[in-house]
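Take a look at the structure set out below.
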Amino acid sequence: MAVREITASMTAPLRGAKRWAYLSRAKTIRVATTNDDGSIYLSPLWHVVEGEHLYIPVDAASRHGANFESGRPLAALVDAGDEFATVAGVRILGTTSLVEDPELVERLQDALFEKYFHVGHPYAEAYFEFGEFAGRRFFELVPDKMIGWDSRETTMPQSPESRVLPDAVGDRLVGPSTNGTSQSS
């Protein structure tokens, strides 16, 4: 009998509307593209979601922009959490497609502003002006496969227990007390 490996995406899947809500709120997507010479180019980027479509703004001279245009497959990761109880993420394998609809580009610019800036933000104007100067474009990340997990769905908060342990077990020792005996926490 074959042993099936159990993964986080099987025990705590992140799918459907919850996955898209998670991607919408996340601030950073780590994207790995393949350069002409076969090497991997990996960096964190910003992204916005509209409906169930994920868009990434890149400047014309960026290495990711050239790799996106090449049509080569890519891998991306959106993740968060510092401990088991807070770990969540989405891994995406796919390609990109240049957004050429001017109305969609305008909506994506507005969504980018809403997500990363605010009215009066000290860097918003510079960011968008540089984007015009640098030929910033939007690419849709077109997934072939998406795998999501969310340990927050399965983790139980701590609660008191009613177990009675033998006297020899005791609690963990914190260190010597001021009177020379060990103290428990």
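What follows draws every value from the coordinates through simple rules; no lab data is involved. Everything quoted here is computed from the prediction, not taken from an experiment. Here the Cβ positions follow ideal geometry from the backbone for every residue, glycine too, while neighbour counts run over all protein chains shown.
What the table below lists for this structure:
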item: Isotropic mean projected area of the C-alpha convex hull, segment 74-139 (nm²); result: 6.6
item: Separation between Cα centres of segment 85-122 and segment 63-78, rounded to whole Å; result: 16
item: Theoretical gain in end-to-end length, Ala21 to Glu50 [0.36 nm per residue, Cα-Cα removed]; result: 9.4 nm
item: Distance in nm between pseudo-label sites at Arg30 and Phe128 (7 Å out along the Cβ direction from Cα); result: 3.2
item: All-pairs alpha carbon distance profile, segment 50-99, 10 Å steps from 0, percent; result: 20, 44, 26, 10
item: Calculated on alpha-carbon atoms, Rg and Dmax of segment 8-157 in Å; result: 16.1, 50
